[in-house]
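Visitor: After the structure tokens below, expect a handful of questions from me.
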Amino acid sequence: MEKTQKKGTVKFFNGKQIPLEMHKVRIVQSLKLVPVERRLEAIGEAGYNSFLMGTKDIFLDMLTDSGTNAMSDEQLSKMFVADDAYAGSQSFVKFQKSVSHVFGKNLLLPVHQGRAAENIISQIFVRQGSVIPMNYHFTTTLAHIQLNGGRVVELFTPEAMKIKSAHPFKGNIDVVRLEELIKKTGTENIPFIRMEASTNLIGGQPFSMDNLKNVRRVADKYKLIIVLDASLIGENAFFIQKREQGYEERSIGFILKEMCDLCDMVYFSGRKVSSSRGGAICTNNIDLYNKMKDLVPLYEGFLTYGGISIREIEAMTVGLYETLDEDVVGQSPSFINYAANELDKLGIPVILPGGALGCHVDAKQFLAHIPQADYPAGALVAAFYIISGIRGMERGTMSSIRDEQGNDILADLELMRLAFPRRVFTLSQVEYLIDRLNWLFHNKELVGGIKFVEEPPVLRFFTGRLAPIGNWPEKLVAKFKADFGDSL
Ligand code: F0G
């Protein structure tokens with residue numbers, strides 16, 4: 001059944017293809033662009049790790065869209081009518097209704113954020129020797145599965161690793177290899193198949209409905225369950241509507257429901273999916289629900305708040321309904337698409353087609369002179385911050401792990417991610433980004449590698465400290481000043 005009407009798109013008389021904002025800005029936060037000398041100091045103080053920077057030194061914060069999307073007036077207003085209660089809050093009842101309306105799942109376990117859902121799912125279903133097939137891992141997913149003795153097997157298609165491609169669904173899982181893996185591993189060792197919507201680490205690339213239907217067929221054949229990471233599900237649904245034959249006239253609501261109907265368990269980070277905070281696991285299977293439910297009061301909070309503030313539960317509820325609106329879920333992808341295509345025209349290597357979450361620059365090509373062991377993506381993030389004040393995130397070998405011998409496991413893709421939180425940045429800010437990245441591309445030989453000086457054993461990219469190899473940052477700043485004079 002259709003949930004919402006499909007909307008039309010706006011075309012321009014002059015033929016230009018620029019994204020048009022379907023919202024107006026009514027509350028603003030001022031930004032400061034500190035001078036390049038301060039930016040050089042700031043990245044040094046942060047150990048060349050953008051996670052360790054303070055926002056006072058940042059102009060455009062493109063680290064992530066997690067918890068940084070703009071909220072709507074409806075969301076903010078509902079936060080004031082929150083029914084604060086330790087147990088039995090009526091705000092939670094509203095949340096249940098929204099999850100059931102949007103995802104079609106009636107049993108709901110609230111958690112404080114996405115990785116908390118991963119903790120509970122992994123603790124309950126993953127055992128020593130378990131194998132979890134998936135289209136691609138996410139950092140926190142991998143960490144939780146490994147912590148519980150499991151192993152991740154990624155079954156992406158060759159298209160996923162092509163930086164520039166015309167393939168509309170680079171997030172698809174290879175169903176033939178999936179079936180081979182199941183036969184080889186034995187169903188008793190596979191607690192679930194995981195599908196991630198708008199696959200984060202390979203450039204926010206979606207899977208198709210057809211692919212998910214094929215995974216369902218395999219899962220049914222071998223009596224396996226499918227767990228869907230729905231943190232970026234709105235965008236995946238938007239891409240299905242825009243790119244998959246047979247879905248052009250379907251509403252986002254219809255597509256979302258169909259995706260969730262194909263999966264046994266759905267979990268999400270509310271920080272991404274609904275422009276708020278929080279997260280949840282939902283299902284229609286009472287056995288799955290019962291297995292997990294006791295861990296919610298243990299790790300998160302009582303079953304009707306799960307460690308989320310009740311105000312955020314109200315905001316998440318409204319945010320979920322807003323996910324049905326293609327203007328909302330399409331805003332970030334349309335800006336990303338614009339940026340990616342403009343950068344491509346300048347010869348800058350970016351992931352194409354544009355995906356969800358952010359514009360991804362291929363550091364392997366951009367900084368081809370830096371060996372992967374010297375973290376080119378991390379170096380690119382640092383260099384780009386120095387010359388622009390824009391904070392991106394490393395998604396490459398720095399975000400990877402070491403093998404048992406202590407050697408870096410080189411990442412498949414070496415990316416600088418520039419996140420586009422929903423409805424936060426304007427098109428002129430995007431033009432600034434393109435201009436500065438173009439300048440850096442013309443001066444890329446000035447950038448060198450970086451190395452760890454403090455390296456934590458788990459999720460090292462969050463808090464690890466690094467240093468430049470040589471004095472390339474100073475040389476970069478000197479060239480910037482020579483070219484831009486007293487410009488910030
Ligand atoms: N799954 C996916 C696909 C995610 O992108 C994230 C978070 C999580 C799970 C974990 O959710 O942060 O609420 O605990 N991604 C953020 C990012 C951190 O910046 O990509 P969380």
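The values are calculated or read from the model by the stated rules, or taken from the named source; none is laboratory data. Computed from a prediction, not measured in an experiment: that's the story for all the values here. We place every Cβ from the backbone using ideal geometry, glycine too, and count neighbours over all the protein chains shown.
Visitor: List the number of the failed condition for ASN69; all other conditions in (1) at positive phi; (2) within 16 Å of the ligand (Cβ to nearest atom) hold.
Guide: (1)
Visitor: Scan region 255-271 and report the pairs whose first residue is modelled with pLDDT of 95 or more and whose second residue is more than 16 Å from the ligand (Cβ to nearest atom) and of a type in the set (Lys, Arg), with Cβ atoms within less than 7 Å and a gap of 6+ or a chain change.
Guide: Going by the 7 Å Cβ cut-off, the qualifying pairs are LYS257/LYS3; CYS260/LYS105; LEU262/LYS213; LEU262/ARG216; VAL266/LYS105.
Visitor: Residues of region 33-66 being within 16 Å of the ligand (Cβ to nearest atom) and on the phi > 0 side of the Ramachandran plot, which ones?
Guide: Selection gives nothing.
Visitor: Tell me, which residue of region 176-187 that is surrounded by fewer than 18 Cβ atoms within 10 Å (Cβ to Cβ) and among the β-branched types (Val, Ile, Thr) is nearest to ASP362 (Cα to Cα)?
Guide: VAL176
Visitor: Okay, moving on. Any chance region 5-22 includes a residue that's at pLDDT below 95, surrounded by fewer than 18 Cβ atoms within 10 Å (Cβ to Cβ) and more than 25 Å from ALA339 (Cβ to Cβ)? Spell out the reasoning first.
Guide: So the first thing to find is which residues in region 5-22 are at pLDDT below 95, and the list is 5-22.
So of that shortlist, the ones also surrounded by fewer than 18 Cβ atoms within 10 Å (Cβ to Cβ) come out as 5-18, 20-22.
Restricting the remaining residues to those that are more than 25 Å from ALA339 (Cβ to Cβ) gives 5-6.
For region 5-22, residues at pLDDT below 95, surrounded by fewer than 18 Cβ atoms within 10 Å (Cβ to Cβ) and more than 25 Å from ALA339 (Cβ to Cβ): present.
Yes/no per residue for (1) hydroxyl-bearing (Ser, Thr, Tyr); (2) in contact (Cβ under 8 Å) with a residue 12 or more places away in the chain:
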{"residue": "GLN241", "(1), (2)": "no, yes"}
{"residue": "GLU244", "(1), (2)": "no, yes"}
{"residue": "TYR247", "(1), (2)": "yes, yes"}
{"residue": "ASP294", "(1), (2)": "no, no"}
{"residue": "THR304", "(1), (2)": "yes, yes"}
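Visitor: So ARG311 fits all but one of (1) assigned to a helix (DSSP H, G or I); (2) of a type outside the set (Ser, Thr, Tyr); (3) within 22 Å of GLN75 (Cβ to Cβ); (4) within 16 Å of the ligand (Cβ to nearest atom); what number is the exception?
Guide: Unmet condition: (4).
Visitor: How about region 177-287: which helices (runs of 4 or more DSSP H) wholly inside it have at least 2 residues that are within 15 Å of the ligand (Cβ to nearest atom)?
Guide: On the way: elements: 209-222, 233-243, 252-261, 270-273.
Counting at least 2 such residues, we get 233-243, 270-273.
Visitor: Further, regarding this structure: Consider GLU159 carefully, then state whether it is charged (D, E, K, R), assigned by TED's automatic domain parsing to the domain that holds ASP210, without any contact (Cβ under 8 Å) to a residue 40 or more places away in the chain and away from the ligand (no atom under 16 Å from the Cβ). Walk me through it before giving the result.
Guide: Details: charged (D, E, K, R): yes; assigned by TED's automatic domain parsing to the domain that holds ASP210: yes; without any contact (Cβ under 8 Å) to a residue 40 or more places away in the chain: yes; away from the ligand (no atom under 16 Å from the Cβ): yes.
Against the criterion (charged (D, E, K, R), assigned by TED's automatic domain parsing to the domain that holds ASP210, without any contact (Cβ under 8 Å) to a residue 40 or more places away in the chain and away from the ligand (no atom under 16 Å from the Cβ)), GLU159 qualifies.
Visitor: On to the next question. So how many residues does region 125-145 have that are in a helix (DSSP H, G or I) and either surrounded by fewer than 17 Cβ atoms within 10 Å (Cβ to Cβ) or within 15 Å of the ligand (Cβ to nearest atom) (or both)? Before you say what the answer is, go through the steps one by one.
Guide: Of all residues in region 125-145, those in a helix (DSSP H, G or I) come to 125, 139-145.
If we keep only those that are either surrounded by fewer than 17 Cβ atoms within 10 Å (Cβ to Cβ) or within 15 Å of the ligand (Cβ to nearest atom) (or both) too, we end up with 139-145.
Residues meeting the conditions: 7.
Visitor: While we're here: Is it the case that VAL102 is crowded, with 19+ Cβ neighbours inside 10 Å, away from the ligand (no atom under 16 Å from the Cβ), outside the structural domain of ILE390 (by TED's automatic domain parsing) and not in a loop (DSSP other than H, G, I, E, B)? Quick ask: steps written out before the conclusion?
Guide: Values: crowded, with 19+ Cβ neighbours inside 10 Å: yes; away from the ligand (no atom under 16 Å from the Cβ): yes; outside the structural domain of ILE390 (by TED's automatic domain parsing): yes; not in a loop (DSSP other than H, G, I, E, B): yes.
For VAL102, the condition - crowded, with 19+ Cβ neighbours inside 10 Å, away from the ligand (no atom under 16 Å from the Cβ), outside the structural domain of ILE390 (by TED's automatic domain parsing) and not in a loop (DSSP other than H, G, I, E, B) - is met.
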